[in-house]
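*Asks:* Below is one structure. I have some questions about it.
Just so you know, all these numbers are worked out from the coordinates, no wet-lab data involved. Predicted model only: the values in this text are computed from it and were never measured. Note: ideal-geometry Cβ built from the backbone for every residue, glycine included; neighbour counts use all protein chains shown.
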Amino acid sequence: MELTDQYNKETATTIKVNLMQVLHENTILAETIDYSYFGELISNLNHASAIFMFASGRSGFSMRSIAMRLMHLGLKVYFVGETTTPAIQKDDLLWAASGSGTTSSIVKAAEKAKQVGARVMTMTTNTSSRLAELADVHILIPAAEKEDHNGAKSTQYAGSLFEQAVLLIGDAVFMALWKIDGTPAEELWKRHANME
């Protein structure tokens, strides 16, 4: 099927408008986040013996991306559920994300972390959720939950804005840690996977 020039132009315009909407929503979200807890988040990351990351679905992909950046800084970081992830211990940290704050596997992981005396940091859209209640540090991401279909907080599908925010916040946290660490980019790159 040959696409017409008109169709290509209309599609290009639609994609640009969509991308601008995604960026606009993330900008508005960034302006409404309470950043007062991020100092404690950074301190916990810097002092943890090991960092355990956990989220499900698309949020899980965002958290895996953050885990990769923390590894580039030389931190000991694991993603919960991988076969090589060890047991969490007293001086470790669990950093978990769930839009609803009720995802059962993530709540159970946070409960286990608390049982062994590990610190728990969470990101949710719901301050009254079980996951938020378990947190030593909770970051509220004021985005729409997956089943919030009225478009008041986001015109995007399901939890897209939350999942994007998790990744962007992770990159912002990485940049803060990197500034503290001071290791040149060339040195960090040596830790990048070389068996891809």
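*Asks:* Would you check which residues across the range 5-39 are closer than 30 Å to Val137 by Cβ, of a type in the set (D, E, K, R) and in a helix (DSSP H, G or I) and list them?
*Replies:* Selection gives Glu25, Glu31.
*Asks:* Please find, among Met68, Met53, the residue that is within 26 Å of Ser105 (Cα to Cα), part of a strand (DSSP E or B) and of a type in the set (A, V, I, L, M).
*Replies:* One residue alone meets the criteria, Met53.
*Asks:* Looking at this structure, is Ser105 in contact (Cβ under 8 Å) with a residue 40 or more places away in the chain, in contact with a helix residue (DSSP H, G or I) (Cβ under 9 Å, 6 or more places away or on another chain) and among the hydroxyl-bearing types (Ser, Thr, Tyr)?
*Replies:* Spelling it out, it is not the case that Ser105 is in contact (Cβ under 8 Å) with a residue 40 or more places away in the chain, in contact with a helix residue (DSSP H, G or I) (Cβ under 9 Å, 6 or more places away or on another chain) and among the hydroxyl-bearing types (Ser, Thr, Tyr).
*Asks:* Right, here's the next one. In a helix (DSSP H, G or I), touching a helix residue (DSSP H, G or I) at 6+ places or on another chain (Cβ under 7 Å), closer than 23 Å to Gly159 by Cβ and not small (Gly, Ala, Ser): is that true of Met63 in this structure?
*Replies:* Yes; evaluated as a whole, the condition is true for this residue.
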